[in-house]
Amino acid sequence: MSGKPKLHYFNGRGRMETIRWLLAAAGVEFEECFLETKDDLTKLQKDGSLLFKQVPMVEIDGMKMVQTRAISNYIAAKYNLYGKDLKERALIDMYVEGIIDLNELLMGHTFQPADKKEQHFATIVDKATNRYFPVFEKILKDHGQDFLVGNRFSRADVQLLETLLMAEECKPDILAKFPVLQSFKARISNVPTIKKFLQPGSQRKPPLQEKDVQKVMKIFH
Amino acid sequence: MSGKPRLTYFNGRGRMEPVRWLLAAAGVEFEEKFLESRQQYEKLIKNGDLMFQQVPLVEIDGMKMVQTKAILNYIAGNYNLYGKDLKERALIDMYVEGITDLMQMILMFPFSPPEAKEKNLESIKERATNRYFPVFEKVLKQHGQDFLVGNKFSWADVQLIEAILAVEEKIPAVLSAFPQLQAFKVRMSNMPTIKKFLQPGSPRKPPPDEHYVETVMNILKI
C-alpha cells in the first residue's frame, strides 16, 4: 500500500475531475484505478467498496470515501484550502456551490441529444456570462486581492479556474467581457502546483469526446 | 432587526425544508419571508440580495447566504452538529450527500408530468429500500449507538429523520424491513427540539400540493 490516495472512476473527467484538481492543487500525489467496463463497476459494488453503489470513490486515510462533495470537503479541509474560520468557509461554500451548478451545465453538454445541443449551448453561455462570471468578476474587482476569499489560496480559486477553462473549451472567447477573470485565470494557472497539473502528462483528463460517450454510458447504464 | 435568521423562500418545503429542520433541531428560532409573486422575486434580484439570482436565501450572522449546501454547512458548523473532527465530518458528509440524492427525487416528484409519476414513485421506493435505507440500517446495527456518527446527535441524524418521514408520506410501509430505522425514527422524533418541530403550528411545511407547484412554476417561469 502506497499511502497515496487512490481514485476509482472511469478514465475521464466526469465527477472525479474536481477531486483531481484539488489534490493536485494541494500538491498531493495520487493513484488512479480506471473502470473500463460495466463488470469493473459491478465488482466494486459487490465487494462493498461503494457505500451507495456509486463512483467516484477515493481511498484516502483508511477510508473508502464516496460522494463528490464529501470527498472534496475532506481534501479541502485537510490541506488547508477551506478558509480560516466558519465565515470564510461560508463564502467558499457559496462560491463553490455556484461554480458546481455551472460545472454541471458544462459537463452535461456532451451528453445532450443532437437536437437539443444548440439550445443547451445557448443556455450555458447565457448562465455563464449573465449569472456566474459577473459575480466572481465583481468579487475580485471589489477587494482587489489575488484570491477569492481571505487573501489566501483556497478551493474556491481551484474550482473557479477549473470551470473557467472548461467554459473556454466550450466557447473560446467566453471571457471576453471579463478582464478581471482573465487576470485571475493567468495568475492561478501560474501557482506552481496548478502549473504542473496543466502540463501535458499530468493526471488532468481531456474533455469527453463524442465517440467515448457510448463507452461511458455502457459502464453506468 | 431581531437577530434571528431570516429565511426567504416559497411557502412550502422545496430546497428550504432541510434548512428549517436543521435550525429547528439546533433549537434556533427563525423568521420567514414567503415569495408569492414573480414581482417580489424580481425585486429581490434587482436589490442584489441573491448572489446567483436564486433562492433559498438565509440572512444569518450578517450574511446573505445562498446555496442550500453552503447554508446547511454553516448552520451545522455553527451549532455543533458537524462532528468533532475531520473524519467524523467526512462520515456526516457522506451520509448527508447520499440522503440528499434520495431527497432530490422527492423534491422533483411534484414537478414531473402526470404520466411519469407512477414510474418516479417506483424509483423512489426502489432507491430508498435497495440503496439508501439498507446503508443506515447497517450503520446503526453495527455500532448499536443512538446516533449515526460519533455517538452524538448530528446533522446526519436530522437529515435522515427528515428523509424517512418524507418517504413514508409517499410509501407508508417503507420501513417494514428496517427495524433499526424504525427505532431510530421513534428516538429522533422524541428529541425535544425535533418533537417540537413535528407538532402542529411549527415552521415545518406540509407536503407540496398543486397550489405550491403552480406558485413555484409561476415565480421561476418554468
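The values are calculated or read from the model by the stated rules, or taken from the named source; none is laboratory data. Since the structure is predicted, the reported quantities are computational estimates derived from the model, not experimental observations. Neighbour counts run over all protein chains shown; Cβ positions are idealised from the backbone, glycine included. Please note that ligands, DNA and RNA were not included when accessible areas were found on the heavy atoms of the full protein model with its side chains. Shrake-Rupley method; radii C 1.70, N 1.55, O 1.52, S 1.80 Å.
Laid out as a table, the results:
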item	result
Hey, B:Leu107 more than 9 Å from every other protein chain (Cβ to nearest Cβ), assigned to a loop (DSSP other than H, G, I, E, B) and of a type in the set (A, V, I, L, M, F, W, C) or not	no
Identity of the residue in the stretch B:55-89, surrounded by fewer than 23 Cβ atoms within 10 Å (Cβ to Cβ), assigned to a helix (DSSP H, G or I) and polar (S, T, N, Q), that ends up nearest to the other protein chains (Cβ to nearest Cβ)	B:Asn78
Any hit, the stretch A:78-98, residues being among the β-branched types (Val, Ile, Thr), touching a helix residue (DSSP H, G or I) at 6+ places or on another chain (Cβ under 8 Å) and either at the interface with chain B (Cβ under 10 Å from one of its Cβ atoms) or under 24 Å from B:Phe136 (Cα atoms) (or both)	yes
One residue from B:Phe109, B:Phe178 being on the phi < 0 side of the Ramachandran plot and either open to solvent by less than 20 Å² (accessible area, probe 1.4 Å) or over 16 Å from the mean Cα position of the chain (by Cα) (or both)	B:Phe178
Residue list for the stretch B:193-209, filter: touching a residue at least 60 places away in the same chain (Cβ under 8 Å) and part of a helix (DSSP H, G or I)	B:Thr193, B:Ile194, B:Lys196, B:Phe197
Any hit, the stretch A:107-119, residues being among the hydroxyl-bearing types (Ser, Thr, Tyr), within 10 Å of chain B (Cβ to nearest Cβ), in contact (Cβ under 8 Å) with a residue 60 or more places away in the chain and closer than 25 Å to A:Gly12 by Cα	no
Of the criteria (1) part of a helix (DSSP H, G or I); (2) free of Cβ contacts under 8 Å to residues at least 24 places away in the same chain, which one B:Asn151 fails	(1)
Residues that are among the aliphatic types (A, V, I, L, M) and surrounded by fewer than 24 Cβ atoms within 10 Å (Cβ to Cβ), drawn from the stretch A:77-98	A:Ala77, A:Leu81, A:Leu86, A:Leu91
Meets criteria (acidic (Asp, Glu), surrounded by fewer than 22 Cβ atoms within 10 Å (Cβ to Cβ), under 14 Å from the mean Cα position of the chain (by Cα) and not in a strand (DSSP E or B)) for A:Asp101	yes
Residue satisfying all of: in the stretch A:138-147; buried (at least 17 other Cβ atoms within 10 Å of the Cβ) and more than 13 Å from every other protein chain (Cβ to nearest Cβ); nearest to A:Leu86 (Cα to Cα) among these	A:Phe147
Near pairs, Cβ below 9 angstrom, 6+ apart or cross-chain, from the stretch A:39-65 (crowded, with 16+ Cβ neighbours inside 10 Å) to any residue that is of a type in the set (S, T, N, Q) and assigned to a helix (DSSP H, G or I)	A:Lys53/A:Gln45; A:Lys53/B:Asn130; A:Gln54/A:Gln45; A:Pro56/A:Thr68
